[in-house]
Amino acid sequence: MRRLMVAGNWKMNGTRSSVAELLKGLKSQEFSATVDVAVFPTFLHVSEAVEALREVGVAVGAQNVATQSGPGALTGEVAASQLKDAGCSLVLIGHSERRQILGEAEGVLVAKFKAAQEAGLVPVLCVGETLEDREAERTFDVVGAQLDSVMDALGVEVFSQAVIAYEPVWAIGTGLTATPEQAQEVHHAIRARLAARNAEVAQGVRLLYGGSVKAANAADLFRMPDIDGGLIGGAALNADEFGAICRAAGS
Ligand code: 13P
């Protein structure tokens, strides 16, 4: 049985005071013991989040990591080993905002994925198609190629210590959620893509859905057989809403 996971990607949001408020709100939530909960603040707020959330068992991850795992001369970057030292256990790799807006290429993502695992962090690999891809019926090709670039370079076994988040680009921040059936179809295809190389790894890997998840639609998504939780953007900035999504995963 795969444990469900609900993770909040805070993106480039938060001030010292709003983060303190959000952390206070998260500490007062009832989290189910059967669900892994995590948040991804900016680098600036990682330490505060680690300190505040340790007692409630919420894990903290980073939104990005350098391509080399250890410290060195790489101005402006943060090493996986530094994230580990700061108390992070996870890191997002390949979010569509980084792929599209910042032009992060597959080779860079693969190096980041590898660096994260070398330092003992669990990468959360984000994949997903654009609206144009979907309309041209290229969803499976695009998502398949995104998975293949990691598997070809590092082997399918790396996914025994990783999480995959399917985030259709057209559903991110738009209020347009994939239907549970649409998401399940892609999740199933992702698992099959991994299973073609290693069935055991495919069965064990957690596949999160991301894209306009909120408390009102979470339970229907999480009920699908290949959806093992969610990666939440906007709704994760509200502690009560995020708590309700986490509870939907536990029910
Ligand atoms: P929204 O939940 O705001 O659509 O964002 C999803 C996302 O990009 C999480 O990484």
Residues whose placed amide H lies under 5 Å from that of Met224, excluding near-sequence neighbours: none
Probe 1.4 Å, protein heavy atoms only - accessible area per residue of segment 158-224 in square angstrom: 41 Å²
Sequence-distant residues sharing a close amide H with Asp36 (under 5 Å, placed H): Leu4, Met5, Val6
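Can you compute the charge dipole magnitude of the chain about its Cα centre, using +1 on each Lys and Arg Cβ and -1 on each Asp and Glu Cβ, nothing else charged? Give it in debye, rounded to the nearest 20.
On the way: 21 positive and 30 negative charges, 105 e Å.
Dipole size: approximately 500 debye.
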Phi-based couplings in Hz for segment 150-159 (Karplus 6.51, -1.76, 1.60; Gly and Pro marked x): 6, 5, 5, 7, 10, x, 5, 4, 4, 7
Residue-wise HN-Hα coupling along segment 125-139, computed from phi with Karplus coefficients 6.51, -1.76, 1.60 (Hz; x: Gly, Pro): 7, 9, 9, x, 9, 7, 4, 4, 4, 5, 5, 8, 6, 10, 3
Reach of Lys214 by Cα under 26 Å, taken over lysines that are not fewer than 8 positions away in the same chain: Lys11, Lys24, Lys27
Formal net charge of residues neighbouring His187 (Cβ-Cβ distance under 11 Å; K, R +1; D, E -1): -1
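Once you charge only the Cβ atoms, +1 for Lys and Arg and -1 for Asp and Glu, what is the size of the charge dipole of segment 82-134 about its Cα centre, to the nearest 20 debye? All intermediate terms of the calculation are to be shown ahead of the outcome.
Working: 6 positive and 8 negative charges, 36 e Å.
It comes to approximately 180 debye.
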Positive-end extreme of charge dipole, segment 78-164 - chosen from His95, Val122, Gly107 (charges on Cβ): Val122
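For segment 26-137, what does the accessible surface come to per residue with a 1.4 Å probe? Please give it in Å². Display every interim value, and only then the final one.
Working: 5120 Å² over 112 residues.
Per-residue accessible area for segment 26-137 comes out at 46 Å².
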Per-residue ³J(HN,Hα) for segment 162-168, Karplus 6.51 cos²θ - 1.76 cosθ + 1.60, θ = phi - 60°, Hz, x for Gly and Pro: 8, 10, 10, 10, 8, 10, x
Accessible surface of the chain [probe 1.4 Å, protein heavy atoms]: carbon and sulfur percent: 53 percent
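The values are calculated or read from the model by the stated rules, or taken from the named source; none is laboratory data. These numbers were taken from a predicted model, which means no experiment stands behind them. With ideal geometry, Cβ positions are generated from the backbone for all residues, glycine too; neighbour counts draw on all protein chains shown. Areas reflect the complete protein model, heavy atoms only, side chains present, ligands, DNA and RNA absent. Shrake-Rupley method; radii C 1.70, N 1.55, O 1.52, S 1.80 Å.
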